[in-house]
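Novice: Structure incoming, see below.
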């Protein structure tokens, strides 16, 4: 199960989440809810993400997943994936947390691969972001919650 501190916002309805999408309303009845990380060695990624996120909430048919907030991060085999990601910045997935520094330190102590320590943004003094990687060199980030207005 995912540590509660990774997701502090109370659960909200699908309709409420849709209303927070920075004014984008053309998504119809869609809800982004999952990312699949394909790997030639999914067991290595499962071990890694279990150290960071705790025991997976789902494991079935070679696919393993952790619920983070209202979505899932899933790891599994993929026939078109070999070796490490040669362009890790192409797709970066984000995890919102009100305590970027605390979660960063917790994940770092659990063996997270650090790409960039927490840093801020000009004009947004309360917003932080930290970049991490998995053993296949897929990037993900811890970031302060973003408001619909675009600020932190």
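Novice: Quick check on this structure: which one of 49, 24, 63 is more than 27 Å from residue 105 (Cα to Cα) and at pLDDT 95 or above?
Specialist: Numbers: 49 fails: more than 27 Å from residue 105 (Cα to Cα); 24 fails: at pLDDT 95 or above.
Exactly one of 49, 24, 63 is more than 27 Å from residue 105 (Cα to Cα) and at pLDDT 95 or above, namely 63.
Novice: Turning to a different aspect of this structure: Restricting attention to the stretch 100-110, does a residue exist that is at pLDDT 95 or above and within 29 Å of residue 30 (Cα to Cα)? Give the steps one after another, and end with the answer.
Specialist: So in the stretch 100-110, the residues at pLDDT 95 or above come out as 100-110.
Right, trim to within 29 Å of residue 30 (Cα to Cα) and you get 100.
For the stretch 100-110, residues at pLDDT 95 or above and within 29 Å of residue 30 (Cα to Cα): present.
Novice: Okay, moving on. Give the stretch 94-134 a look and list any residue that's in a helix (DSSP H, G or I) and surrounded by fewer than 13 Cβ atoms within 10 Å (Cβ to Cβ), or say none.
Specialist: Within the stretch 94-134, the first condition is being in a helix (DSSP H, G or I), and the residues that meet it are 100-109.
Residue satisfying the conditions is 109 alone.
Novice: With the requirement that a residue be out of contact with any helix residue (DSSP H, G or I) (no Cβ under 6 Å at 6 or more places or on another chain) and over 20 Å from residue 75 (Cβ atoms), what does the stretch 93-102 give you?
Specialist: Within the stretch 93-102, the first condition is being out of contact with any helix residue (DSSP H, G or I) (no Cβ under 6 Å at 6 or more places or on another chain), and the residues that meet it are 93-96, 98-102.
Hits for the stretch 93-102 are 96, 98, 99, 100, 101, 102.
Novice: Just the residues that are surrounded by fewer than 16 Cβ atoms within 10 Å (Cβ to Cβ) and within 23 Å of residue 114 (Cβ to Cβ), please, taken from the stretch 42-68.
Specialist: Those that are surrounded by fewer than 16 Cβ atoms within 10 Å (Cβ to Cβ) and within 23 Å of residue 114 (Cβ to Cβ): 43, 44, 47, 50, 51, 54.
The values are calculated or read from the model by the stated rules, or taken from the named source; none is laboratory data. Everything numeric in this text was worked out from a predicted model, so none of it was measured. Cβ: placed from backbone, ideal geometry, glycine included. Neighbour counts: every protein chain shown.
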